[in-house]
Amino acid sequence: MTNSFSALLPLSLLFIGITACTMDTPTTPPIGGDTSSLPPSGGAITVKVGSVSLAATLLDNAAATAFKARLPLTLSMQELNGNETFAQLPASLPTNASSPGTIRQGDLMLYGSTTLVLFYKTFPTSYSYTKLGRVDNPAGLAAALGSGSATVTFERK
């Protein structure tokens with residue numbers, strides 16, 4: 001009796017341990033930084049440039065959550081390098097920077113902890129950013145931003 005109990009105890013504990021624990025598979029960004037196929041789990045926002053309103057989706061991460069908590073936010077964004085506009089945020093956001101490899105048109109990212117960057121062209125990069133989200137249909141983004149500075153408003157939907 002003692003021998004059978006000794007053999008069953010470890011098996012019982014193993015079974016209980018396996019059934020009590022589950023592992024949820026987290027959604028991770030695809031290799032290469034393309035966030036266009038990620039689920040819209042961080043929330044919908046609107047990006048307004050002049051009279052143009054563009055739908056955007058935030059990712060589900062600490063930086064995007066902190067950014068969304070500060071909305072609405074109107075910023076004077078400056079053009080840089082013919083592919084992006086940027087502005088300094090009034091306060092820092094949490095970061096989890098990585099090199100996306102390729103920036104996609106419509107990506108909304110954080111450089112450092114206080115520089116918000118909205119990209120209007122696709123290009124390769126070796127810089128590291130914290131991903132916040134992306135404009136859902138960025139086709140008219142470059143035309144809306146124009147050249148030079150632009151006033152951009154980020155609002156919750």
Next item on the list: Filter region 16-71 down to residues that are closer than 18 Å to F119 by Cβ, of a type in the set (A, V, I, L, M) and modelled with pLDDT of 50 or more, then give me how many there are.
Entry: 11
Notebook entry, point to check: So, in region 76-85, of the ones that are surrounded by fewer than 18 Cβ atoms within 10 Å (Cβ to Cβ) and in contact (Cβ under 8 Å) with a residue 24 or more places away in the chain, which residue ends up farthest from T153 (Cα to Cα)?
Noted result: G82
Check: Taking region 111-131 only, how many residues are touching a Phe, Trp or Tyr at 6+ places or on another chain (Cβ under 6 Å) and of a type in the set (A, V, I, L, M, F, W, C)?
Finding: 1
Next item on the list: From (1) more than 14 Å from the chain's Cα centre (by Cα); (2) without any contact (Cβ under 8 Å) to a residue 40 or more places away in the chain; (3) part of a strand (DSSP E or B), pick out the condition that doesn't hold for E155.
Entry: (2)
Margin query: Filter region 38-51 down to the residues that are within 18 Å of the chain's Cα centre (by Cα) and assigned to a strand (DSSP E or B) and list them by number.
Written below: G43, A44, I45, T46, V47
Note to self: So if I check each of L108, L93, L145, which one is under 15 Å from I45 (Cα atoms) and either surrounded by 13 or more Cβ atoms within 10 Å (Cβ to Cβ) or of a type outside the set (F, W, Y) (or both)?
What the structure shows: L108
Checklist line | Pairs with Cβ under 6 Å, 6+ apart, first in region 57-68 and in contact (Cβ under 8 Å) with a residue 12 or more places away in the chain and over 10 Å from T130 (Cβ atoms), second among the polar types (S, T, N, Q) and surrounded by fewer than 16 Cβ atoms within 10 Å (Cβ to Cβ) | finding: D60/S41
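The values are calculated or read from the model by the stated rules, or taken from the named source; none is laboratory data. Everything numeric in this text was worked out from a predicted model, so none of it was measured. Glycine gets a Cβ as well: all are built from the backbone with ideal geometry, and neighbour counts include every protein chain shown.
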